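Peer 1: Pasting in a structure now, in structure tokens, and then I'll have a few things to ask.
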Amino acid sequence: MRQFVFPLALSALAFSPVAAQRPDSLTETVRRYVSVDTSVVALTHVLLVDGTGAEPRPDQTVIIRDGRIAEVGSAAQVKVPGGAVTMDLNGHTLIPGLVGMHDHLFYTAAGGRAVQMSYTGPRLYLASGVTTIRTAGSRSTYAEINLRNNIDLGRVPGPRIHLTAPYITGAEGGGSMDVVTSPDEARRFVAYWASEGVTWIKAYTDIRRSELGAAIKEAHRRGIKVTGHLCSVSFREAVELGIDNLEHGMLTASDFDPAKQPDVCPVGQVGRNNAIDPTGEVAKSTIAIMVKHGVPMTSTLAVYEPFVANRPTREPRVLSAMAPEVRESYLKLRQEIDSSGSGPIAERGLRGAMAFERSFVAAGGLLASGVDPTGIGGALAGYGDQRNYELFIEAGFTPAQAVRIMTANGAKILGVDGKLGTVERGKLADLVVLRGDLTADPTVIRNTTTVFKDGVGYDSSKLIASVEGRVGID
Ligand SMILES: [Zn+2]
């Protein structure tokens, strides 16, 4: 059992993922991206969307001290302490660091590519204002454990990482996932990965109810949680089994298929789900049972959009971050989807998914979000999280609601909402400075200038420059 032994320093870190990281602990590799490293910082005259759902407030002052938020209020309420470095943020918006709940550290793309993103992933997430991620399923889990440790030790720039085990699925699945065909196997899997320090298990589309139920029980016994991108098990069934979170929303819910057989993922489900009535009886009862049992949902609209014809999916900064071959095969596939007039996901399906999420929130459901940097590769780490914001606004959420979904709600699901996720006194200073008025123009979410993690300010443009042309390589 020697492989379970962690060096003492690392195992201590593993249990304190929300301690403030101080600038003097950062190596040169990280410091080259740091633009603000003083212990007291005053952000003044900023438009604040604080993540609580409260109305945006203009002309606010936020004081950061030793990695935490010391004061928040109007210019009249908050005095700038002597010795503070002041950043006049007139014309800027301040939001909490984003909590990306479906933010893998691998990338899959057109042309069958799949690559671990140990280099570009953490840089792009942090540059885009994502200061906390849950990996929501892994392929190279030890690469992710090591990356998490290196970020926590100040050796690599990146977000806080909540680790997820490799995926578990059923006999029809495979690839890089563990195929579990008995409850015993499911328990053994969960026990092993819990002992390695992961805090989430990810169940996938072919798992059966018996194995999912066993995995959930074992996870809860060990104090960790389970989420799922499901199909063979419906949302309703998973809720009844005690699942802690459901990924992707309406387009993956098999509750809507009248011909569905137990434990089997119906062929062509996503295509048929394009035609779901998001306000119908099945939608209502599915939402009702999730809300009743307090099961949150993770929205991943940004990964669906590139499958839909004639959507804005050729953002220049996305294309320039891609490696040339990845860009070429992505653009070719996008061209095919556009010229077909209707891609694998219909405009109607995307709109249905949006409406389902609005109804879920209106019914009292806890909605979070994440990019899911997979599919045909158009939703990149970080950039896709930002695109989610724009899609939430298109879906009809207010700026305050959308920011809350992307920050505080994720923190709540992760159980760290007492420490981060909102701009409130005493929280860790994870803050994103955006050039422009986010409430007037949703694309302002892309204009990250400085991203604070633990009160250390990172220069977004330097992080972005370091990954140009590398997404799809490492
Ligand atoms: Zn995923």
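Peer 1: Are any residues in the stretch 135-167 over 25 Å from T27 (Cβ atoms) and either in contact with a Phe, Trp or Tyr (Cβ under 6 Å, 6 or more places away or on another chain) or part of a loop (DSSP other than H, G, I, E, B) (or both), and if so, which ones?
Peer 2: A136, G137, R139, T164, A165, Y167
Peer 1: If we scan the stretch 416-432, do we find a residue that is touching an Asp or Glu at 6+ places or on another chain (Cβ under 9 Å), open to solvent by 30 Å² or more (accessible area, probe 1.4 Å) and under 25 Å from I287 (Cβ atoms)?
Peer 2: For the stretch 416-432, residues touching an Asp or Glu at 6+ places or on another chain (Cβ under 9 Å), open to solvent by 30 Å² or more (accessible area, probe 1.4 Å) and under 25 Å from I287 (Cβ atoms): absent.
Peer 1: Open to solvent by 10 Å² or more (accessible area, probe 1.4 Å) and either within 16 Å of the ligand (Cβ to nearest atom) or not polar (S, T, N, Q) (or both): does that describe L380?
Peer 2: Details: open to solvent by 10 Å² or more (accessible area, probe 1.4 Å): no; either within 16 Å of the ligand (Cβ to nearest atom) or not polar (S, T, N, Q) (or both): yes.
So L380 fails the test.
Peer 1: Let me ask something additional. Does I69 satisfy being assigned to a strand (DSSP E or B), out of contact with any His (no Cβ under 8 Å at 6 or more places or on another chain), at negative phi and crowded, with 22+ Cβ neighbours inside 10 Å?
Peer 2: yes
Peer 1: Continuing with the same structure: Checking P344 against (1) assigned to a loop (DSSP other than H, G, I, E, B); (2) open to solvent by less than 70 Å² (accessible area, probe 1.4 Å), which single condition isn't satisfied?
Peer 2: Among (1) assigned to a loop (DSSP other than H, G, I, E, B); (2) open to solvent by less than 70 Å² (accessible area, probe 1.4 Å), P344 violates only (2).
Peer 1: Would you be able to tell me the number of residues in the stretch 213-233 that are over 21 Å from I413 (Cα atoms) and either more than 16 Å from the ligand (Cβ to nearest atom) or modelled with pLDDT under 95 (or both)?
Peer 2: Filtering the stretch 213-233 for residues over 21 Å from I413 (Cα atoms) gives 214, 231-233.
Adding the requirement that they be either more than 16 Å from the ligand (Cβ to nearest atom) or modelled with pLDDT under 95 (or both) leaves 214, 232-233.
The number of residues fulfilling the criteria is 3.
Peer 1: Exactly one condition in (1) away from the ligand (no atom under 16 Å from the Cβ); (2) open to solvent by less than 50 Å² (accessible area, probe 1.4 Å) is false for P312; which is it?
Peer 2: (2)
Peer 1: With the condition kept exactly as written, say whether any residue in the stretch 82-100 is open to solvent by 10 Å² or more (accessible area, probe 1.4 Å), within 16 Å of the ligand (Cβ to nearest atom) and touching a helix residue (DSSP H, G or I) at 6+ places or on another chain (Cβ under 7 Å).
Peer 2: no
Peer 1: V239 fails exactly one of the following numbered conditions: (1) touching a residue at least 12 places away in the same chain (Cβ under 8 Å); (2) away from the ligand (no atom under 16 Å from the Cβ); (3) in a loop (DSSP other than H, G, I, E, B). What is the number of that condition?
Peer 2: It fails just one condition, (3).
Peer 1: Can you run down the residue pairs with Cβ atoms below 6 Å, 6 or more apart or on separate chains, where the first is in the stretch 337-354 and acidic (D, E) and the partner is in a loop (DSSP other than H, G, I, E, B)?
Peer 2: D338/A309; D338/N310; E347/V308
Peer 1: Sticking with this one: State whether the residues of the stretch 278-295 include one that is open to solvent by less than 50 Å² (accessible area, probe 1.4 Å), within 16 Å of the ligand (Cβ to nearest atom), in contact (Cβ under 8 Å) with a residue 40 or more places away in the chain and within 26 Å of the chain's Cα centre (by Cα).
Peer 2: No.
Peer 1: Further, regarding this structure: For the subset of the stretch 101-114 comprising residues that are of a type in the set (A, V, I, L, M, F, W, C) and part of a loop (DSSP other than H, G, I, E, B), which member is surrounded by the most Cβ atoms within 10 Å (Cβ to Cβ)?
Peer 2: Applying the filter and picking the extreme gives M101.
The values are calculated or read from the model by the stated rules, or taken from the named source; none is laboratory data. Quantities reported herein were computed from a predicted structural model and do not represent experimental measurements. Don't worry about glycine lacking a Cβ; one is built from the backbone with ideal geometry, like all the others, and counts go over all protein chains shown. These accessible areas exclude ligands, DNA and RNA; they are computed on the full protein's heavy atoms, side chains included. Shrake-Rupley method; radii C 1.70, N 1.55, O 1.52, S 1.80 Å.
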